[in-house]
Amino acid sequence: MSALDQELRRRAYEEKERLGKIASSDPYRQHFHIMPPVGLLNDPNGVIQWKGTYHLFFQWQPFHTGHGAKFWAHVTTRDFVTWEEEDIALAPGEWYDRNGCYSGSAIAKDDQLCLLYTGNVRDEHGDRETYQCLAVSKDGKVFEKKGVVAHLPEGYTAHFRDPKVWEKDGTYFMVLGAQTEELKGSAVLFRSENVTEWTFLGPIAGAGSGSLGSFGYMWECPDLFSLGEADVLLVSPQGLEADGTEYQNKHQAGYFLGCLNTDTPEFQHGEFTELDRGFDFYAAQTLVDDKGRRILFAWMAVPDQQEDGHPTHDYHWVHCMAMPRELSLSGGKLIQRPLPEMKALRTDQQRGRLHLSRSAGRLPVKDAARTEVLLEDIFTESGFEVAIRGTARFIFNPKEGMAVLERTAFNGEEKETRSCAITDVHTVQLFMDASSIEVFLNDGEEVFSARYFPFPGNDEVTVTSGGNTEMNVAIWTLL
Ligand code: FRU
């Protein structure tokens with residue numbers, strides 16, 4: 001480890017020590033979401049189950065609540081409920097990563113845990129350089145950097161990053177997010193026999209190729225895996241134009257279903273679908289566990305979108321992960337369900353049936369800063385809305401075939417909405433943490449995620465219907 005690496009770690013721990021108490025005292029600190037101890041969190045990195053333990057690393061800026069030269073922070077769990085904070089995995093202390101150990105992934109090989117990540121560098125003129133780098137660990141705690149293992153191929157700008165690695169029949173593959181010299185977003189593929197020497201195979205999908213016309217100037221954080229009958233390419237494209245209810249966020253996170261041919265190489269695919277219909281969801285990455293489950297993590301924010309507006313900056317921290325989701329495929333669509341492990345958080349159950357007839361019913365929520373509400377067997381003619389803590393509303397309008405999440409913008413003034421087309425809503429599962437809400441519709445058919453900043457003591461959750469609506473209601477306070 002270089003002297004600079006050691007010094008950066010020392011300073012990061014010092015910052016945590018200095019400001020951690022202030023961060024912890026924020027009423028908007030989350031209860032069941034991963035957050036940075038201080039500073040800024042962004043993408044999930046290196047998600048893997050290794051020797052029984054789930055590892056999650058994340059992009060971390062310990063020194064302030066903006067972006068910059070990122071570290072990899074590291075947390076582990078065996079049950080998705082209790083998380084251990086591990087030592088810093090990577091600090092930006094080498095010539096090839098000195099402006100950030102940017103996003104990447106993990107893979108097990110020869111009894112070692114290997115991390116593939118992007119070394120982000122700015123040269124003396126401020127021009128960007130990019131290196132794909134390797135670090136290895138024998139114990140899953142201390143990582144030894146092995147340096148640069150892949151260089152920028154011709155035809156691409158230095159916006160070339162976020163390696164996701166997997167192994168198939170003894171060969172390793174790595175998909176990266178890229179920008180072509182024509183400034184088109186792209187996903188490219190590398191191959192290796194040993195994870196230390198990589199051969200560039202070429203682009204597999206991108207703006208202006210296959211069925212895609214203009215489709216963004218940069219693709220970030222790709223992931224590629226098989227699920228049931230299909231191969232799935234997750235990607236976070238930048239530069240899509242808003243189109244009706246689609247692409248309302250500043251940048252998107254979504255997927256293509258298709259078929260990967262690593263020989264040609266090519267990923268033939270259908271249309272792009274957004275993973276989440278809410279305000280805050282980006283850079284999704286997955287792991288497969290020993291139960292065969294495909295589990296997805298994502299950053300519950302979008303780059304350059306109201307990032308400065310979070311009130312948590314005053315407490316020296318910003319952003320969190322979305323709840324992990326289990327993926328499955330049904331009818332040509334990704335289904336995303338909360339992990340069953342989250343049920344272990346439930347306490348203090350209340351159940352009942354709600355009958356509304358041009359009326360409103362306040363739910364007996366005890367602590368709306370940590371609550372799950374499950375609305376099931378919903379029968380509604382005219383639709384209904386759930387008003388949450390005076391700061392958000394979920395609305396189902398069957399006449400328009402539309403579900404909407406509205407929230408008060410972070411400046412506390414205007415209302416903003418995100419919506420999706422859906423003709424029938426029979427189940428709504430809401431997870432409310434101190435400063436976030438995640439709404440799962442119809443057991444994972446659609447999901448809306450959002451940060452919000454309600455008045456901390458406000459526990460008001462009310463269901464209203466302009467006609468006749470009935471539903472079963474279950475409410476839990478989450479540990
Ligand atoms: C996505 C991203 C990645 C990059 C990382 C830097 O949010 O821009 O492309 O590796 O964040 O923190």
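Below are the figures for this structure:
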| read-out | value |
| --- | --- |
| Only one of VAL365, VAL318 that is open to solvent by less than 30 Å² (accessible area, probe 1.4 Å), more than 30 Å from PHE225 (Cα to Cα) and touching a helix residue (DSSP H, G or I) at 6+ places or on another chain (Cβ under 6 Å) | VAL318 |
| Flag if TRP95 is assigned by TED's automatic domain parsing to the domain that holds PRO303, more than 24 Å from SER2 (Cβ to Cβ) and more than 16 Å from the ligand (Cβ to nearest atom) | no |
| GLU197 being within 28 Å of GLN305 (Cα to Cα) and assigned to a loop (DSSP other than H, G, I, E, B) | no |
| Filter result for the condition that a residue is surrounded by fewer than 16 Cβ atoms within 10 Å (Cβ to Cβ) and under 30 Å from ALA23 (Cα atoms), over ASP263, ASP280, ASP304, ASP290 | ASP304 |
| Complete set of residues in region 334-362 that are open to solvent by less than 50 Å² (accessible area, probe 1.4 Å) and farther than 27 Å from LEU479 by Cβ | LEU334, LEU356, SER359 |
| Inter-residue pairs, beta-carbon under 7 Å, first over 17 Å from GLY352 (Cα atoms) and in a loop (DSSP other than H, G, I, E, B) and in region 372-388, second open to solvent by less than 10 Å² (accessible area, probe 1.4 Å) and not small (Gly, Ala, Ser), 6+ apart | GLY383/PHE396 |
| So PRO203, is it outside any loop (DSSP other than H, G, I, E, B) and under 25 Å from GLY292 (Cβ atoms) | no |
| Enumeration of residues in region 98-121 that are within 14 Å of the ligand (Cβ to nearest atom), assigned to a strand (DSSP E or B) and either open to solvent by less than 40 Å² (accessible area, probe 1.4 Å) or free of Cβ contacts under 8 Å to residues at least 40 places away in the same chain (or both) | CYS101, SER103, GLY104, SER105, LEU115, LEU116, TYR117, THR118, GLY119, ASN120, VAL121 |
| All positions within region 398-442 that are aromatic (Phe, Trp, Tyr) and either assigned to a loop (DSSP other than H, G, I, E, B) or over 27 Å from LEU339 (Cβ atoms) (or both) | PHE410 |
| Tally, over region 122-148, of residues that are surrounded by 20 or more Cβ atoms within 10 Å (Cβ to Cβ) and not in a loop (DSSP other than H, G, I, E, B) | 7 |
| Residue ranges of strands (runs of 3 or more DSSP E) in region 279-363 with at least 3 members within 16 Å of the ligand (Cβ to nearest atom) | 282-288, 294-299 |
| Verdict on ASP223 being touching a Cys at 6+ places or on another chain (Cβ under 8 Å) and either open to solvent by less than 10 Å² (accessible area, probe 1.4 Å) or within 16 Å of the ligand (Cβ to nearest atom) (or both) | no |
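Every residue, every condition in (1) within 15 Å of the ligand (Cβ to nearest atom); (2) at pLDDT below 95; (3) open to solvent by 20 Å² or more (accessible area, probe 1.4 Å), yes or no:
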| residue | (1), (2), (3) |
| --- | --- |
| LEU152 | yes, no, yes |
| PRO163 | yes, no, no |
| LEU176 | yes, no, no |
| GLU182 | no, no, yes |
| ARG191 | no, no, yes |
| GLU197 | no, no, yes |
| GLY202 | no, no, no |
| ALA205 | no, no, no |
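The values are calculated or read from the model by the stated rules, or taken from the named source; none is laboratory data. Here the structure is a predicted model, which is why all the values come from computation and not from measurement. Note that we place each Cβ from the backbone using ideal geometry, even for glycine, and neighbour counts take in every protein chain shown. Remember, those area values only see protein heavy atoms, side chains included, never the ligands or the DNA or RNA. Shrake-Rupley method; radii C 1.70, N 1.55, O 1.52, S 1.80 Å.
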